[in-house]
Amino acid sequence: MRKKIVAGNWKMNLTIPEGEKLVSEILKESGLIKDTLLIVAPPFTHLANVSILLKNSSIKLSAQNCADKDKGAFTGEVSVSMIKSTGTEYVIIGHSERRAYYSETDQIINSKIKLALNSGLVPIVCCGEVLNERESNKHFDVVSNQLKGMFDGIKPDEFKKIIIAYEPVWAIGTGKTASPAQAQEMHKFIRENMKSAYGANIAENISILYGGSCKSSNAKELFKNADVDGGLIGGASLDAKEFIEIAKSF
């Protein structure tokens, strides 16, 4: 049975003391959660401190990004080995904001995935279409091409370690919303795509998270879908009670 996962992406929010306070609040509430993996993804500056706070808990730690190079003269970048050395176990790769604001391509994302896997980090790999692609009915083609490019050269025994997150970019902070049916339709499409590439056994055991403005008010309906295995949560993950309520939606 594939894992149920709720991951909180803090994005560029919270100072180190604010982040420690949030983690402490999540830890207090996390005893209410059974059979669901909780992951928090703070900024790079928080990783070492948060790792210590989470040491004796079941909550896992993720970075929000990594460099596409192993080491060297790349000022401002953070390598997978640096991330790994903090005690972090997961890394978000290919988030829509990285594509939109920092021009990350499928090829760059592919390099990051390979580095993460080689280092022992679990990649949470994002895919998804923007509004004009959805409205012009190109969303399936866009996501299919992203998956093909991002996972080029990834072997089956490597791929089964990956988590996928679907982001309907057009439904994030736009006032538009993706219905549970739309979410299920794309998640099923992604799983079918992965079946073709890696076989049914691997595809059925890959967790696919929904990353489009998931809140406690809509999480239950989203998580009821057969191919929605949890959420990659943005703003709602900055509130401990809201984050836990989302996790309780299973």
Report task. Looking only at segment 89-107, decide whether some residue is part of a loop (DSSP other than H, G, I, E, B), farther than 24 Å from I164 by Cβ and among the polar types (S, T, N, Q). Result -> no
Query raised in the report: Looking at K112, is it under 22 Å from H46 (Cα atoms), of a type in the set (K, R) and touching a Pro at 6+ places or on another chain (Cβ under 8 Å)?
Result: yes
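Matching residues to (1) in contact with a Pro (Cβ under 7 Å, 6 or more places away or on another chain); (2) farther than 20 Å from A203 by Cα:
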residue	(1), (2)
I93	yes, no
E97	no, yes
C127	no, no
E135	no, yes
D141	no, no
V169	no, yes
S179	no, yes
Report summary line: Pairs returned, first residue in segment 115-126 that is under 13 Å from K160 (Cβ atoms), second residue that is in a strand (DSSP E or B) and of a type in the set (K, R), beta-carbon separation under 9 angstrom, 6 or more apart or interchain, are V122/K60
Report summary line: With the first residue restricted to segment 7-18 and required to be farther than 17 Å from I39 by Cα and at pLDDT 95 or above, and the second required to be loosely packed, with under 15 Cβ neighbours inside 10 Å and among the polar types (S, T, N, Q), Cβ contacts under 9 Å at 6 or more apart or on different chains are T15/T45; I16/T45
Query raised in the report: M1 passes all but one of (1) at pLDDT 95 or above; (2) more than 20 Å from V91 (Cβ to Cβ); which number fails?
Result: (1)
Query raised in the report: Where residues in segment 215-226 are in a loop (DSSP other than H, G, I, E, B) and either basic (K, R) or crowded, with 20+ Cβ neighbours inside 10 Å (or both), which of them is nearest to the chain's Cα centre (by Cα)?
Result: K215
**Report entry** Options E185, E158: the member that is without any contact (Cβ under 8 Å) to a residue 24 or more places away in the chain, surrounded by fewer than 22 Cβ atoms within 10 Å (Cβ to Cβ) and in a helix (DSSP H, G or I)
**Finding:** E185
Report task. Check I92, I83 and return the single one that is touching a residue at least 40 places away in the same chain (Cβ under 8 Å), surrounded by 21 or more Cβ atoms within 10 Å (Cβ to Cβ) and among the β-branched types (V, I, T). Result -> I92
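Within segment 231-250, count every residue that is assigned to a loop (DSSP other than H, G, I, E, B) and within 18 Å of E20 (Cα to Cα). Give the derivation first.
Taking segment 231-250 first, the residues assigned to a loop (DSSP other than H, G, I, E, B) are 234, 239, 248-250.
Next, from what is left, pick out any that are within 18 Å of E20 (Cα to Cα): 234, 239.
The qualifying residues number 2.
The values are calculated or read from the model by the stated rules, or taken from the named source; none is laboratory data. Remember, predicted model here, so these are calculated numbers, not experimental data. FYI the Cβ positions are ideal-geometry reconstructions off the backbone, even for glycines, and counts take in every protein chain you see.
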